[in-house]
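Right, one structure below, let's go through it.
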Amino acid sequence: MIEAKNINKFYGNGDSKFQVLKNINLTIKNGDFAVILGASGSGKSTLLNVLSGLERPDSGEVLYDSANIAVFSDNELTKFRKNNIGFIFQQYFLLPNLNVRKNIKMGADLVGNTEYTAIIEALGLGEKMQKTPNELSGGEQQRVSIARALAKQPQVLFLDEPTGALDEQTGRQVLNYIAQLQAENGFTVIMVTHNHNIANMANTIISMNSGRVSDITQNQTPLNAYEIGW
Amino acid sequence: MVISIKDAAKLFGISIIACCAVLVCTLFLNFYFDIMQIKDLIVSQQAIAMYEAQISQVKVVCIATGGGLLLTSVVMLLFYIKNYIDTHKKSLGILKAIGYPNIKIAKHFWVFGLSVLLGSAIGFAGAFCLMPAFYAQQNSGSILPEVTINFHVSILFCLVILPAVLFAALAIIYAYFKLKRAVLALLKDSPSDTSTPKKHKDNGKKQLPFIKELQKSTLSQKKSLVFFVIFSAFCFSAMTQMSFKMRELSSEMMGAMMLLIGLALALSTLFIAITAVVRGNFKTIAIMRTLGYSQKECRYAILDGYRPMSYIGFAVGTLYQHFMLQIAVDVVFADFDNIPEYNFDFIAMFVSLAIFIAIYELLIFFYSEKTKKLSVKEIMLD
């Protein structure tokens, strides 16, 4: 279970100091599909960074089964991300000089996963293994990014606007892959989006506004990627 | 403006080299012009021999120092511009995409000539400060008639103004040709050193661990960085060892000057090379850190691969300076009296190697610490 308790986060200093996260409290259960929903500038990406251990809050606790990662050292946070967290970003962040297989191996090697080629096949990338990222379409690059994240066998998968750079068809395909793989593997998904339609796929919808959690709703009837609007 | 003065200021390495080259060349050329003016007053056999020796020395020093440092500056300038275009290719791609022609963007690269102007102006002024002591040293036995210091405008023009203009022009021309790429190639996140991505046929091969594969790939894809690391180690090795030896082969003053110049040049090239290595791999390190690779693993995959290259550069530099000094002693100083016999200086080599390893490892450690807090957020904001 992931718990955020009284999280506050500031950026800047002096006159330009402003609060990005204001007293955030939330709980996400293991195996949940949670969406952090909000407009641009609402603090949703910062919250994702704090929950995933990419950034530390200025105050408050981020608890993973009672371990507070907010007080972890840099090395402890690196180790924590290595063993528990997977990331998928809107910009993919693949290594341009490496081919698809090596990019996915980047995730697999961290946890000693030698069976990662199954993920490559499952995501339909078998034919593209020798290609470099700039030879792939946006959807294919995002699939490589998903494969890299899943090859780490994460307990929690964080996604920051994963379909932001994709067209509707590819976006639905990518979301469908994620939902399917979550159903098969049971990891927790925490996805940031500004798209209300995508939020309908989640069990838990955390709405954010001006750095605060404005609402947390439990969705009893999540839709699949092809049922949601776009 | 595409490039700010701040960007040009980062080329301080070229300023240092220009300063050293102009300092030495101004000292010797000014002395050469001044000694030429008293040529008719030199009558004794001893003075004529001394005069001819001085003329030979001026030619050798100006060609070796000026030529060598000029070549180094050109390599550094071209490398820096290439690196600048690679790291700013998105901004440059956007300018091209909205319709700016290559030449209009390239014209802004003239500011890189300022680093040469600054360095050479300081070197020129510094030479005039050292000139009285230098003239006294060159005519220490008062064998020649008194040589008075004169100001020669032609030296100012040839060593300060002309190089700045030429380097500014070179920067514009080189940038113009480097910008001759498709807009999409600049905008897309494609490998910078290869215009067409290589096919990575690795089926059936024994698969290496990821960080080993990344190390190999980093070296093979960023060849210009590899070259620059080798080049900087080469400069360090050749300059420091040559400087140590010059203390024996020339005067104390000349030796000290060469040592200072050698160390300044060696340090600045090495610093620029390692800075470029880290900057060139900034994104990869950030992604690795985000995924959970430790600092040690990032260092192994990205930075450690350059170490053997630097030792290769050091070895080549050692051989180069040995043969250069051998030729200098055999050919140039052949007619000079009291020139000690030249032998390979193992002590100088081991001292230089020890200094090189210490500085290299310190710089790597410094940058490794700097990359500790890198996260993907840094490159998101890029």
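The values are calculated or read from the model by the stated rules, or taken from the named source; none is laboratory data. All figures in this text were calculated on a predicted structure; none of them were measured in a lab. Quick reminder, even Gly has a Cβ in these numbers, built from the backbone with ideal geometry, and neighbours come from all protein chains shown. Remember, those area values only see protein heavy atoms, side chains included, never the ligands or the DNA or RNA. Shrake-Rupley method; radii C 1.70, N 1.55, O 1.52, S 1.80 Å.
Taking the C-alpha atoms only, the angle from helix A:138-151 to the longest principal axis of chain A is near 80 degrees. Each Lys and Arg adds +1 at its Cβ and each Asp and Glu adds -1 at its Cβ; summed about the Cα centre, the protein assembly as shown shows a dipole of about 1500 debye. Each principal axis of segment B:256-295 carries a Cα extent, and these read 50, 16, 6 Å when sorted largest first.
Average projection, convex hull of the Cα set of segment B:223-372: 9.2 square nanometres. Seen against the Cα atoms of chain A and their longest principal axis, helix A:168-185 is set at about 80 degrees.
Across the options A:G124, A:N113, A:N176, the greatest Cα extent toward the positive end of the charge dipole of segment A:92-230 (unit charges at beta carbon of Lys, Arg, Asp, Glu) belongs to A:N113. Projected onto its three principal axes, the C-alpha set of segment A:34-75 covers 31, 19, 17 Å, listed from the longest axis down. Legend: calculated FRET efficiency, B:E146 to B:K372, from the Cβ-Cβ distance at R0 = 45 Å, rounded to 0.05, equals 0.15.
Per residue of B:291-300, other chain Cβ atoms within 10 Å of the residue Cβ number 5 on average. Each of A:G12, B:P308, A:S214 was scored by the projection of its Cα onto the charge dipole of the protein assembly as shown, and the greatest displacement toward the positive side belongs to A:S214; charges sit on the C-beta of Lys, Arg, Asp and Glu. Rg and Dmax of segment B:31-160, both derived from C-alpha coordinates alone, stand at 22.1, 73 Å. Over the C-alpha atoms of the protein assembly as shown, the Rg to Rh ratio, Rh being the Kirkwood estimate, stands at 1.10.
From the protein chains alone at 1.4 Å, what is the descending order of accessible area for B:I55, B:I173, A:I216, largest first?
Working: B:I55 25, B:I173 95, A:I216 70 Å².
Descending accessible area places them as B:I173, A:I216, B:I55.
Plugging the Kirkwood radius over Cα pairs into Stokes-Einstein for segment A:51-181, at a temperature of 20 °C and a viscosity of 1.002 mPa s, what D comes out in µm²/s? Write down the numbers at each step before the final one.
Details: Rh = 15.4 Å.
D = 139 µm²/s.
Give, as ranges by residue number, the residues of segment A:3-32 whose backbone N falls under 19 Å from the point 7 Å along Cα→Cβ of A:S210. What the label zone holds, given the 19 Å backbone N cut-off, is A:7-11, A:16-25.
About the Cα centre of segment A:114-230, what is the dipole size in debye to 20, counting +1 per Lys and Arg Cβ and -1 per Asp and Glu Cβ, all else neutral?
220
Within chain B, what's the longest run with no GluC sites (Glu not before Pro) in a DSSP loop and at most 14 other beta-carbon atoms within 10 Å? Give the range, please. Maximal segment without exposed cleavage sites: B:147-340. Taking the charge dipole of segment A:1-107 about its Cα centre, with +1 at Lys and Arg Cβ atoms and -1 at Asp and Glu Cβ atoms, the residue from A:V62, A:Q90, A:L48 reaching farthest to the positive side is A:Q90.
Taking the Kirkwood radius as Rh and the Cα radius of gyration as Rg, chain A has a ratio of Rg/Rh equal to 0.96.
Quick check: residue separation of B:V165 and B:E361 times 0.36 nm, minus the Cα distance between them. What number comes out in nm?
66.9 nm
Across peptide A:51-61, the mean count of Cβ atoms from other chains lying within 10 Å of each residue's own Cβ comes to 1. Each part gets one Cα centre, and for segment A:115-175 versus segment B:14-59 those centres are 69 Å apart.
With all distinct Cα pairs included, what does the Kirkwood hydrodynamic radius of segment A:147-230 come out to in Å, to one decimal, could you say? If you can, show how the numbers build up before the last one.
Details: mean 1/r = 0.0739 Å⁻¹.
With all distinct Cα pairs of segment A:147-230 included, I get 13.5 Å.
What fraction of the DSSP beta bridges in segment A:133-230 is antiparallel, stated in percent and rounded to the nearest 5? That works out to approximately 55 percent antiparallel.
Using the crude model of +1 on Lys and Arg Cβ and -1 on Asp and Glu Cβ, and no other charge, please compute the dipole size for segment A:1-157 relative to its Cα centre, in debye to 20.
160
Computed from Cα atoms, the angle from the helix B:45-61 axis to the main principal axis of chain B rounds to 10 degrees. Highest mobility in the GNM of chain B, judged by mean-square fluctuation with C-alpha springs under 10 Å and restricted to B:I17, B:I261, B:I355, is found for B:I355.
The orientation-averaged projected area of the convex hull spanned by the Cα atoms of segment A:110-188 comes to 5.3 nm².
B:C129 contributes an accessible area of around 110 Å² to the protein surface, as traced by a 1.4 Å probe with all chains present.
What is the calculated FRET efficiency for B:D304 to A:N75, with r their C-beta to C-beta distance and R₀ = 30 Å, to the nearest 0.05? Approximately 0.95, to the nearest 0.05. The accessible area of A:T188, taken with all protein chains in place and a 1.4 Å probe, comes to roughly 10 Å².
Go ahead and estimate [θ] at 222 nm for chain A from helices alone: -39,500 (n - 2.57) per DSSP H run with n ≥ 4, summed, over the residue count, rounded to 500. Could you put the intermediate results ahead of the total?
Values: 7 runs with 71 residues, N = 230.
About -9000 deg cm²/dmol.
Close lysine pairs were tallied over segment A:1-122: pairs 8 or more places apart or on different chains with Cα atoms under 17 Å apart number 8. Treating only the Cα positions of chain B as identical point scatterers, give the base-10 log of I(q)/I(0) from the Debye formula at each q in 0.10 Å⁻¹. At q = 0.10 Å⁻¹ the computed log10 ratios are -0.74.
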